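Structure record follows, encoded as C-alpha cells.
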C-alpha cells in the first residue's frame with residue numbers, strides 16, 4: 001500500500017509513531033498483530049503464538 005497524503009502529512013508534521021500508526025490503520029494499513037490474528041482465525045497460528053510474536057496495538 002502506498003503512503004497516503006494523511007500519513008505523509010503526519011510524518012512531515014513530526015507526529016509521533018503512535019499517531020502515525022493510528023492514521024495508517026484508519027487508512028487501511030494492517031498491523032502485524034492484525035495479520036497474525038487473521039492467521040489465528042485460519043488455524044495457522046495459535047493465539048498464544050500471536051500474542052508472543054506481536055506487540056499490542
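Suppose we filter the range 26-37 for residues that are closer than 15 Å to residue 56 by Cα and touching a residue at least 12 places away in the same chain (Cβ under 8 Å); how many remain? Step through it out loud before you land on a result.
To start, the set of residues in the range 26-37 that are closer than 15 Å to residue 56 by Cα comprises 30-37.
Subsequent filtering for residues that are touching a residue at least 12 places away in the same chain (Cβ under 8 Å) retains 31-34, 36-37.
So the count comes out to 6.
Considering only the range 18-37, how many residues are within 8 Å of the chain's Cα centre (by Cα) and in a loop (DSSP other than H, G, I, E, B)?
3
Which residue is nearest to residue 8 (Cα to Cα), if the candidates are limited to the range 38-57 and must be outside any helix (DSSP H, G or I) and in contact (Cβ under 8 Å) with a residue 12 or more places away in the chain?
Restricting attention to the range 38-57, the residues satisfying the condition of being outside any helix (DSSP H, G or I) are 43-46, 54-57.
Within this subset, residues satisfying the condition of being in contact (Cβ under 8 Å) with a residue 12 or more places away in the chain are 54-57.
Working: 54: 25, 55: 24, 56: 24, 57: 21 Å.
Across the range 38-57, the extreme among qualifying residues is 57.
Only one of these is in contact with a helix residue (DSSP H, G or I) (Cβ under 8 Å, 6 or more places away or on another chain) and either surrounded by 11 or more Cβ atoms within 10 Å (Cβ to Cβ) or modelled with pLDDT of 95 or more (or both): 37, 51. Name it.
Numbers: 51 fails: in contact with a helix residue (DSSP H, G or I) (Cβ under 8 Å, 6 or more places away or on another chain).
Testing whether each residue is in contact with a helix residue (DSSP H, G or I) (Cβ under 8 Å, 6 or more places away or on another chain) and either surrounded by 11 or more Cβ atoms within 10 Å (Cβ to Cβ) or modelled with pLDDT of 95 or more (or both) leaves just 37.
For the range 3-17, enumerate the residues that are loosely packed, with under 15 Cβ neighbours inside 10 Å and either within 10 Å of the chain's Cα centre (by Cα) or farther than 20 Å from residue 56 by Cα (or both).
3, 5, 6, 8, 9, 11, 12, 13, 14
The values are calculated or read from the model by the stated rules, or taken from the named source; none is laboratory data. Keep in mind that this is a model prediction, so the values were computed, not measured. Glycine also receives a Cβ, built like all others from the backbone with ideal geometry; neighbour counts cover every protein chain displayed.
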